[in-house]
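Below is one structure, written out as structure tokens, with a few remarks after it.
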Amino acid sequence: QVQLVESGGGLVQAGGSLRLSCAAAGRTFSPYAMGWFRRAPGKEREFVAAISWSGGITYYADSMKGRFTISRDNAKNTVYLQMNSLKPEDTAVYYCAAKGGGPSVRSADFGSWGQGTQVTVSS
């Protein structure tokens, strides 16, 4: 089991940027694929981005392409989500997740989850 702790959330104005971090502990960070998901108030959890262990494969939700960038530093056991051009509709609790094998866009494929970090984008 991998323990995940997110950080970096906060309040930002529309058009601003935030960088979320997710630190992993416990079983070895690699070769886990990592993902970011989010849950907005009153909505279901949705996929944001995912990255392979090597970092060579990345997936993004269509609405995040060009604005969000997922990356990882395996030496630091950390995955990042750089979020630019933030919009009020990006307001949500953001969760990181880990899974063995390759990356996925399906939350059901991920076995380890962090507690989430709140991102609030004001208009």
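The values are calculated or read from the model by the stated rules, or taken from the named source; none is laboratory data. Just so it is clear, the structure is predicted and the values come from calculations on it, not from any experiment. All Cβ positions, even for glycine, are placed from backbone atoms using ideal geometry, and neighbour counts span all protein chains on display. With ligands, DNA and RNA removed, areas are computed over all heavy atoms of the protein, side chains included. Shrake-Rupley method; radii C 1.70, N 1.55, O 1.52, S 1.80 Å.
Based on Cβ point charges of +1 for Lys and Arg and -1 for Asp and Glu, what charge dipole magnitude is obtained for segment 46-123 about its Cα centre, in debye rounded to the nearest 20? Provide the component values of the computation, followed by the final result.
Working: 7 positive and 6 negative charges, 34 e Å.
About 160 debye.
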Check your understanding: For segment 31-89, with every protein chain kept in place, what is the accessible area per residue (1.4 Å probe, Å²)?
Key -> 52
**Study point:** Qualifying aspartates and glutamates (Cα of each under 19 Å from Cα of Lys99; at least 8 residues distant if same chain)
**Key:** Glu6, Glu46, Asp73, Asp109
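Would you mind telling me the share, in percent, of accessible area of the chain contributed by carbon and sulfur at probe 1.4 angstrom? Provide the component values of the computation, followed by the final result.
Working: 2920 of 5980 Å².
Answer for the chain: carbon and sulfur cover 49 percent of the accessible area.
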Exercise for review: Measure off 7 Å from each Cα along the Cα-to-Cβ vector at Ser122 and Ala61, then give the distance between these two points in nanometres to one decimal.
Suggested key: 2.4
Revision key, fill the gap. Log10 I(q)/I(0) at q = 0.11, 0.23 Å⁻¹ for the chain, from Debye over equal alpha-carbon scatterers, is -0.31, -1.38
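Subtracting the Cα-Cα distance from 0.36 nm times the residue separation, let me have the gained length for Glu46 to Asn74 in nm, one decimal.
Details: separation 28, 0.36 × 28 = 10.08 nm, distance 2.50 nm.
Net length gain for the segment: 7.6 nm.
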Point to revise | Under 21 Å from the Cα of Lys43 - lysines, other chains or at least 8 residues apart | key: Lys65, Lys87
